[in-house]
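Q: Let me give you the structure first, and then I'll get to my questions.
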Amino acid sequence: MNSTSTKTTVVLLVMAVLAGSVIAGAQNTGQAMEAMANRLVDNQNVDGFWNAEPYHTGSIVPGLVAGYEYACDQSYLDAAGMACEFIIWEAQGNYFGDEAYALVQYGDVADEPYYLTEVYDFYQWVDEVLLGSTEQYIADFENGTEPSSAVFYVAHHTVAAYAVDSPAKYKWRQGLRHHLARVDDTSSFPLMGMAVAAWAFAQTDAGLDSTPVTPAGETPASDYWDGVTLADLPGKVADLQVQRAQNDGTFFEKLLPEENGFESGYSEDTIYAVLALQQAKEAGIEVNYSVADAREKMLGGIEMVTNGSRLLGKVYGHLTDPDPTDTYHFYAGKMLSALDAASIPTDLNGDDVIDIKDLEILAANWLSDSGCQCERVDINDDGVVNYPDFAEIVKNKSEK
């Protein structure tokens, strides 16, 4: 080996050490949650957003909040707070749907009513001043925003409006129906649109009820929506889970894959399908889908990098065919929310198994009634870690 090739080898070795070791996939939910949140914290700039992604900040905040609730690492909540301050500064009072939802999520968990008031006031302004009415604001999404993207923003607005009990919240629910009926397989993100809408409807007062997707007097973009009610949405999402080949556990991109293509494996499709189906489950609607398969695919799609003793997790736009040039952080923000939703409630240490280690965590927090760790271990949400939580662990010891 000549001196030039020796120097090249040394340089490459040094670069590899500096960059850290790359690990294909996360071992379990707990490791993945912390690794993804670590990378978001490490790469956030001093102004509170992520370089080249200022308009995706709203999609990252809920993930950091979920990471905090899962791991009780204060740095995750602090990063979410910085991001919310950037959102308020940048939006100047006119929020995207995911931004309003981000402020609500952070304000609730951080116990900062100011952020909730900010969102409430925003919806009052939209209803009374901006463009003349909430209905006109919602209709304006038809000007330059393709249907599934409009659904994404209106869905987040709907959840945020209900969270702050805005008087206009019913208008947002109605508007979400209108925009969902505009989605078909020519839209940019058909499955994602249906899934994020289902996720939102499940969090409204009426929930996923027998209301038709298509409002009376309107014509849907496709006969796919003929006779479909909100209660049907979780089942339709679940039916699109892939059962074969390398993308099993993920979801088809199209509403009618047999007719319009079997593309699958995209991160956001799986993320929003999981969020929708887990939210429907919370609302009492059970559907036939494998959350374990979806969770396994999401974990496998996370690129883990060691930085000393610290693990960093990166998520690409596709779970099984990643594009190395994809540098976005918002996929990880969304993945944090989905993995949190897909986690086993009684798996207290995040290893995706219910065993004695979870009981040890329960014992260490026995009778605690405050703080982040109490919130995590108080499985039945009665405000104190006690026998009913122990009973839940025992009952679910075989859950996956």
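Every read-out reported here was derived from the displayed coordinates using simple, explicitly stated rules and does not represent laboratory data. Note that the structure is a prediction, hence the values are computed from the model and not measured. Cβ: placed from backbone, ideal geometry, glycine included. Neighbour counts: every protein chain shown.
Conditions tested, residue by residue: (1) among the basic types (Lys, Arg); (2) assigned to a helix (DSSP H, G or I); (3) under 18 Å from PRO215 (Cβ atoms).
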site: ASP98; (1), (2), (3): no, yes, no
site: GLN124; (1), (2), (3): no, yes, no
site: PHE152; (1), (2), (3): no, yes, no
site: ARG177; (1), (2), (3): yes, yes, yes
site: SER188; (1), (2), (3): no, no, no
site: MET194; (1), (2), (3): no, yes, yes
site: TRP199; (1), (2), (3): no, yes, no
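Q: Looking at the stretch 361-380, which of the residues that are under 12 Å from THR346 (Cα atoms) and of a type in the set (D, E, K, R) is nearest to the chain's Cα centre (by Cα)?
A: Once the filter is applied, the top-ranked residue is ARG376.
Q: Would you please name the residue that is surrounded by the fewest Cβ atoms within 10 Å (Cβ to Cβ), looking only at residues in the stretch 138-150 that are of a type in the set (S, T, N, Q) and not in a helix (DSSP H, G or I)?
A: Only one residue tops the list, namely ASN143.
Q: Are any of the residues in the stretch 34-51 in a helix (DSSP H, G or I), in contact (Cβ under 8 Å) with a residue 12 or more places away in the chain and more than 18 Å from the chain's Cα centre (by Cα)?
A: Yes.
Q: Would you check if ILE393 is farther than 24 Å from ILE271 by Cβ, touching a helix residue (DSSP H, G or I) at 6+ places or on another chain (Cβ under 8 Å) and in a loop (DSSP other than H, G, I, E, B)?
A: Answer is no for this residue.
Q: For the stretch 381-399: of the residues being in contact with an Asp or Glu (Cβ under 7 Å, 6 or more places away or on another chain) and in contact (Cβ under 8 Å) with a residue 12 or more places away in the chain, which is nearest to GLY350 (Cα to Cα)?
A: Here the answer is ILE393.
Q: Further question on the same structure: Taking into account only those residues within the stretch 204-252 that are farther than 27 Å from GLY265 by Cα and under 20 Å from the mean Cα position of the chain (by Cα), which is surrounded by the fewest Cβ atoms within 10 Å (Cβ to Cβ)?
A: Looking at the filtered set, the residue picked out is GLY207.
Q: Then there is this: Which members of the stretch 237-283 meet the condition of being out of contact with any Pro (no Cβ under 8 Å at 6 or more places or on another chain) and of a type in the set (A, V, I, L, M)?
A: VAL237, ALA238, VAL242, ALA245, LEU256, ILE271, ALA273, VAL274, LEU275, ALA283
Q: Restricting attention to the stretch 294-318, which residues are charged (D, E, K, R) and crowded, with 16+ Cβ neighbours inside 10 Å?
A: ARG295, GLU296, LYS297, GLU303, LYS314
Q: Related question: Residues of the stretch 259-285 being among the acidic types (Asp, Glu) and in contact with a Leu (Cβ under 8 Å, 6 or more places away or on another chain), which ones?
A: ASP269
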